[in-house]
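One structure is given here, and the rest of the page talks about it.
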Amino acid sequence: MRSTSYLTVVLIWVLLSGCGGGDGGNPDAERPAPDQTAGFPEHQRLARELLLELIEIDTTHSTGSTTVAAQAMATHLLAAGFPESDVHVLEEVPRKGNLVARYRGDGRGERPVLLLAHLDVVEADPADWTVDPFKFTEQDGYYYGRGTTDDKDEAAIHMANLIRLRQEGFSPSRDIIVALTADEEGGDHNGVAWLLKHHRDLIDAEFALNEGGGGLSRSSRRLSNGVQASEKVYQSFTLEVTNPGGHSSRPVRDNAIYRLADALGRIRDYDFPVILNEVTWAFFERSAAIEDPEVGAAMRGILQDPPHPDAIEFLASIPAYNALLRTTCVATMLEAGHAENALPQRAQAVVNCRIMPGEPLADVRSTLETVVADEQVAVTPILDATPSAPSPLTPEVLQPIERITGAMWPGVPVVPLMSTGATDGLYLRNAGIPVYGVSGLFREVDENRAHGRDERILASSFFEGQEFLYRLMKELAKTDGS
């Protein structure tokens with residue numbers, strides 16, 4: 001362990017990065033964006049520096065390394081005085097490293113709380129962006145760069161908050177674990193799934209906080225602070241038709257492409273039945289009060305027993321709400337034929353389903369076969385789905401979130417969420433560790449640039465989320481109420 005203090009390390013880094021370094025003192029050389037946090041508290045300046053560092057480390061699957069990012073964050077923890085025995089960089093294959101760090105409690109509390117964030121990011125082509133996706137850019141009050149919202153922002157916040165707690169001498173009654181992981185966006189499951197299989201003791205916890213939640217604003221007015229407690233189940237199927245084919249100059253009606261197209265059209269026109277669970281019920285109930293009157297009325301109608309047909313029809317016309325009502329299946333890929341002058345001998349499509357928690361996967365396949373209504377169209381699952389049961393909305397977790405939300409943003413409701421996509425939370429839930437996606441990071445309703453062009457986060461929201469998660473971390477770790 002180095003004896004140099006963490007603050008000294010940061011100051012040296014700042015001085016070196018600003019003095020011209022390898023540019024020979026050339027005043028025209030490209031320099032980092034000026035730090036707008038002058039005069040801010042140390043923990044906020046640290047969070048920005050950690051986010052900058054993470055953004056400028058390539059962690060894509062194709063060319064990057066989460067190991068480099070994990071080692072960089074481990075260096076900061078060691079410099080801040082964390083014991084080497086509590087800071088682990090773990091990898092099974094090169095470039096796929098994970099960081100697991102533990103803040104020790106006093107031994108009086110229950111099992112630890114786990115804070116989860118992933119280091120890997122999706123690919124980004126610089127030609128598609130107006131700024132360099134792998135360079136931290138501060139512009140018009142926003143931080144730009146791949147990972148600023150998914151999920152390096154939360155990784156930087158957890159690291160800065162952990163160091164802040166140590167500097168303050170905080171003594172929790174339960175351990176706090178931070179895991180920064182690989183392969184959430186794709187790859188070969190070298191992240192949470194691998195840690196559970198090979199290092200369960202290092203991340204075992206009473207419950208976990210993860211991405212997936214967050215706040216929503218409209219025209220800068222905060223609407224709600226979401227807590228993700230459930231995820232739909234991801235499952236794809238192939239639909240395949242085979243045919244003897246023949247010469248295109250002598251067409252027949254029994255064409256593999258036409259048969260497949262007819263099957264896909266029937267899937268397009270079918271709606272799975274409405275299914276509400278504890279999480280989606282709470283979402284519609286709490287959201288009804290903050291939505292436009294027409295949307296709110298429909299949300300209340302969906303809660304009737306049975307749900308009102310007009311409410312179903314109205315909400316189903318809004319894709320985001322339709323996805324919360326039912327299982328959905330949609331065609332996403334298509335391949336057919338072997339020559340432009342030959343009748344197709346094979347036609348194949350991929351249909352991606354997002355299945356409501358608790359709905360048997362076999363029932364979804366059976367439903368697709370019934371809807372297709374053609375024995376010549378084979379419906380086959382692609383790989384095995386991983387079911388993910390909802391996490392219980394326990395007062396132990398929900399009440400602190402509500403208290404802190406009320407203190408920081410009076411009048412803003414906490415709304416349980418079900419993600420229509422998937423996160424690494426599904427592996428933890430299947431291992432018996434409840435997961436709650438919550439961050440206190442607000443974004444505009446109509447802006448979600450994760451995985452997209454010019455990904456960015458509002459700087460003020462970044463620091464608000466840091467404060468929210470700091471308060472929440474402290475409260476959840478004080479299991480004795482002190």
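The values are calculated or read from the model by the stated rules, or taken from the named source; none is laboratory data. Note that this is a predicted model, so its numbers are computed, not measured. Reconstructed Cβ throughout: ideal geometry from the backbone, glycine too, with neighbour counts over all protein chains shown.
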Just the residues that are in a strand (DSSP E or B), of a type outside the set (Val, Ile, Thr) and either out of contact with any His (no Cβ under 9 Å at 6 or more places or on another chain) or exposed (fewer than 14 other Cβ atoms within 10 Å of the Cβ) (or both), please, taken from segment 85-126.
103, 114, 118
Matching residues in segment 309-338 (free of Cβ contacts under 8 Å to residues at least 60 places away in the same chain, touching a Phe, Trp or Tyr at 6+ places or on another chain (Cβ under 9 Å) and either on the phi > 0 side of the Ramachandran plot or in a loop (DSSP other than H, G, I, E, B) (or both)) number 1
If I filter segment 70-84 for residues that are outside any strand (DSSP E or B), on the phi < 0 side of the Ramachandran plot, under 19 Å from the mean Cα position of the chain (by Cα) and not small (Gly, Ala, Ser), do I get at least one hit?
no
Restricting attention to segment 349-363, does a residue exist that is in contact with a Lys or Arg (Cβ under 9 Å, 6 or more places away or on another chain) and among the β-branched types (Val, Ile, Thr)?
yes
Are there any pairs with C-beta distances below 7 angstrom linking a residue in segment 371-383 that is assigned to a loop (DSSP other than H, G, I, E, B) to a residue that is of a type in the set (A, V, I, L, M, F, W, C), with the two at least 6 apart or on different chains, and if so which?
374/263; 376/241; 377/239; 377/241; 377/260; 377/263
Per the filter on segment 340-370, residues free of Cβ contacts under 8 Å to residues at least 24 places away in the same chain and either over 17 Å from residue 241 (Cα atoms) or part of a loop (DSSP other than H, G, I, E, B) (or both) are 360, 362, 363, 366
What tally of residues in segment 246-302 results from selecting those that are among the charged types (D, E, K, R) and in a helix (DSSP H, G or I)?
9
Of the residues 84, 91, only one is touching a Ser or Thr at 6+ places or on another chain (Cβ under 8 Å), modelled with pLDDT of 95 or more, acidic (Asp, Glu) and under 20 Å from residue 200 (Cα atoms); which?
91
Hits in segment 208-222 (condition: more than 14 Å from the chain's Cα centre (by Cα), assigned to a strand (DSSP E or B) and more than 19 Å from residue 324 (Cα to Cα))
217, 218, 221, 222
Determine which single condition residue 405 fails, assuming it passes every other condition in (1) hydroxyl-bearing (Ser, Thr, Tyr); (2) outside the structural domain of residue 132 (by TED's automatic domain parsing); (3) farther than 30 Å from residue 140 by Cα.
(3)
Collect the residues in segment 416-459 that are buried (at least 18 other Cβ atoms within 10 Å of the Cβ) and either in a strand (DSSP E or B) or without any contact (Cβ under 8 Å) to a residue 24 or more places away in the chain (or both), keeping them in residue-number order.
416, 417, 418, 419, 435, 436, 437, 442, 443, 456, 457, 458
